[in-house]
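Reading through the structure tokens given below for one structure.
The values are calculated or read from the model by the stated rules, or taken from the named source; none is laboratory data. Just so we're clear, the structure is a prediction, and the values are computed from it rather than from any experiment. No Cβ is skipped: glycine too gets one built from the backbone with ideal geometry, and neighbour counts run over all protein chains shown. Only protein heavy atoms, including side chains, enter the accessible area calculation; ligands, DNA and RNA are left aside. Shrake-Rupley method; radii C 1.70, N 1.55, O 1.52, S 1.80 Å.
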Amino acid sequence: MANGKALFEANCSSCHGLNGQGVPGNGPSLIGVGAASVDFQVSSGRMPAANSTGPQAPRKALPEWVTPEAIDDLAAYVQSLGGGPTRPTADMVDPAKGDPAKGGELFRANCIQCHNWVGAGGALTEGKHAPSLNKSTPTQIYEAMITGPQAMPVFNDTTITPEQKRDMIAYIVKVREQVDPGGSGLGRIGPVTEGLVGWVVGIGLLSLASIWITAKRRAKTK
């Protein structure tokens, strides 16, 4: 606990206050956010934030002081400030124990509006965006659901049970392993991108064909 407090004071207190009470204009209170939120934010590099005034903190490379042990200590300290969602166990996030078919149904019902049907992410309002899930670990996905980071809503255990969360994790991991047998996946962003590429390529080929036919006719008439 002492190491966690020291890490907090050195790396977090300038935005969140020495006691986690928050600093107006810099950072919110961390009292009651729980260890799961700390693990998600710090392990993904979103915290400490490089810019506290931006629309949201992006995933970035971890600073040197961020180690699994440091995250454990920091999470335990913040948990002691007022409780909150705890970190999931390995069993709770094991994709092998989930049902990807059921998870896909839940994901399409609750997540594709922002994250795309394969978790590729997408733009939101006011400069915000739903991040791609390709780099998220199963633990980070579970923690995001129970803490609701940034623009994401909270999916508590009443809304989506722990077993259903594990099914969704199994689906996300399964989709990552799929190949694109038809060729390029075009980022798997969806039909808009596919339609745009089809339109540009189609019009381009028609234009080239028209130029070739016209040139051939001119050559015959000479």
### Query
Of the cross-linked pairs LYS5/LYS135; LYS5/LYS174; LYS5/LYS128; LYS102/LYS128; LYS97/LYS135; LYS5/LYS60, which ones have a Cα-Cα span greater than 27 Å in the structure shown?
LYS5/LYS135; LYS5/LYS174; LYS5/LYS128; LYS102/LYS128
### Task
For the stretch 128-171, divide the Cα radius of gyration by the Kirkwood radius and give the resulting Rg/Rh value with two decimals.
0.95
### Query
With every protein chain present, what is the per residue accessible area of the chain (1.4 Å probe, Å²)?
58
### Message
Taking all protein chains in place and a 1.4 Å probe, what share, in percent, of the accessible surface of the chain do carbon and sulfur account for?
### Response
60
### Query
Where is the GNM fluctuation largest for the chain (alpha-carbon springs, 10 angstrom cutoff): LEU124, LEU205, LEU30?
LEU205
### Task
Given the options GLN41, GLN113, GLN164, state which has the largest fluctuation in a GNM of the chain using a 10 Å cut-off (strictly under) for Cα springs.
GLN113
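Rank VAL23, VAL118 by accessible area, highest first, at a 1.4 Å probe radius?
Heavy-atom accessible area, descending, gives VAL23, VAL118.
Top to bottom by accessible area (1.4 Å), largest first, where do MET152, MET1 land?
From most accessible down to least: MET1, MET152.
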### Task
Write down the Å³ per residue value for the convex hull defined by the alpha carbon atoms of the stretch 51-95.
156
### Amide H within-cut-off set for GLY122, under 5 Å, with H built and near neighbours excluded
ALA130
### Query
So how far apart, in nm, are the two label points at GLU126 and VAL23 if each is 7 Å from Cα heading toward Cβ?
2.2
### Message
For a Förster distance of 22 Å, can you work out the FRET efficiency between the beta-carbons of SER14 and ALA61, rounded to the nearest 0.05?
### Response
0.60
## Note on the structure
Output row, site ASN51, 7 Å Cα→C-beta label point, backbone N cut-off 18 Å, window the stretch 98-125, residues 123-125
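If you stretched the chain out fully between ARG108 and ASN3, how much longer would it get, using 0.36 nm times the residue separation minus the C-alpha to C-alpha distance?
33.6 nm
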### Query
Using alpha carbons only, how many degrees (0 to 90, rounded to 10) separate the axis of helix 100-110 from the longest principal axis of the chain?
90
